[in-house]
């Protein structure tokens with residue numbers, strides 16, 4: 001298990017709805033995760049240095065698909081594109 005995978009699994013385990021089991025292939029919503037819970041998971045991951053957007057939780061709605069995507073980004077050396085876009089959008093035209 002990689003460090004990235006461990007962080008992701010820990011974040012989801014800490015926020016799992018009571019009595020729910022999240023397997024690698026269980027859809028987050030089928031396991032009882034709500035948008036509010038996923039936002040909390042995303043914040044936990046961000047605090048652990050792992051940058052994900054909310055859209056990633058919907059685009060990759062299982063542990064297996066999310067971990068695969070995050071590890072692919074790490075291997076490619078790419079961060080989260082939304083972060084770069086937000087930073088670019090925050091620059092004012094006269095800041096150049």
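Read the figures in this text as sums done on the coordinates, not as results from a lab. In this text the structure is predicted, and so the values were computed from the model without any measurement. Every residue, glycine among them, receives a Cβ derived from its backbone with ideal geometry; neighbour counts consider all protein chains shown.
A few comments on the model shown:
- Computed from the Cβ-Cβ distance with R0 of 30 Å, the FRET efficiency linking residue 69 to residue 18 stands at 0.60.
- Highest mean packing comes first when the peptides 19-26, 3-10 are listed by Cβ atoms within 10 Å, giving 3-10, 19-26.
- For the range 3-80: rounded, prolate or oblate by the Cα gyration tensor [a/c cutoff 1.5]: prolate
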